[in-house]
Amino acid sequence: MARIVACAVVRDDPPRVFLAEDEVTLNWVLARELIARTPGRELSPGLRAQLRQALRDERWATAVALWMENHPEVDVYPSLDLHTASDVELASLELAFTPLFDG
């Protein structure tokens with residue numbers, strides 16, 4: 001059975017992918033691994049101050065939203081199916097009920 005995970009893709013070269021068990025955790029990961037690792041001198045003073053305050057206040061989602069407004073190369077997917085090896089065990093049974101095998 002698939003689990004739900006949250007994912008973010010940063011369209012760098014090569015792309016960077018962040019995966020977490022939920023959106024709250026993903027926001028924290030992005031705050032730590034993406035936003036906080038950006039040199040402050042690369043940001044406008046106003047944005048830099050807002051991001052610093054959001055991180056100090058542990059408002060991870062706010063920091064990510066601010067970041068994404070100014071860096072559109074980040075795509076966040078709050079709920080994706082994570083399939084596991086145990087899902088494959090039922091593959092032959094499930095496939096019999098797909099449109100390809102209908103009729």
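The values are calculated or read from the model by the stated rules, or taken from the named source; none is laboratory data. Just so you know, these numbers come straight off a predicted model, no measurement behind them. Here Cβ is always computed from backbone atoms with ideal geometry, including for glycine, and neighbour counts include all displayed protein chains. We work out accessible area using only protein heavy atoms, side chains counted, and drop any ligands, DNA or RNA first. Shrake-Rupley method; radii C 1.70, N 1.55, O 1.52, S 1.80 Å.
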The residue that is surrounded by the fewest Cβ atoms within 10 Å (Cβ to Cβ), considering only those in segment 13-37 that are more than 11 Å from the chain's Cα centre (by Cα) and over 14 Å from Trp60 (Cβ atoms), is Asp13
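Please count how many residues of segment 40-79 are open to solvent by less than 70 Å² (accessible area, probe 1.4 Å) and either within 19 Å of Ala20 (Cα to Cα) or assigned to a loop (DSSP other than H, G, I, E, B) (or both). First the steps, then the outcome.
Here is the first cut: in segment 40-79, the ones open to solvent by less than 70 Å² (accessible area, probe 1.4 Å) are 40, 43-44, 46-49, 51, 54-55, 60-68, 71, 73-76, 78.
Of the ones still in play, those that are also either within 19 Å of Ala20 (Cα to Cα) or assigned to a loop (DSSP other than H, G, I, E, B) (or both) are 43-44, 55, 60-65, 67-68, 71, 73-76, 78.
The total comes to 17.
Can you name the residue in segment 80-103 that is part of a loop (DSSP other than H, G, I, E, B) and β-branched (Val, Ile, Thr) and is also nearest to Pro15 (Cα to Cα) among such residues? First the steps, then the outcome.
Residues of segment 80-103 that are part of a loop (DSSP other than H, G, I, E, B), as a first pass: 83-84, 89-90, 96-98, 102-103.
Next, only the ones that are β-branched (Val, Ile, Thr) stay: 84, 98.
Working: Thr84: 23, Thr98: 33 Å.
Across segment 80-103, the extreme among qualifying residues is Thr84.
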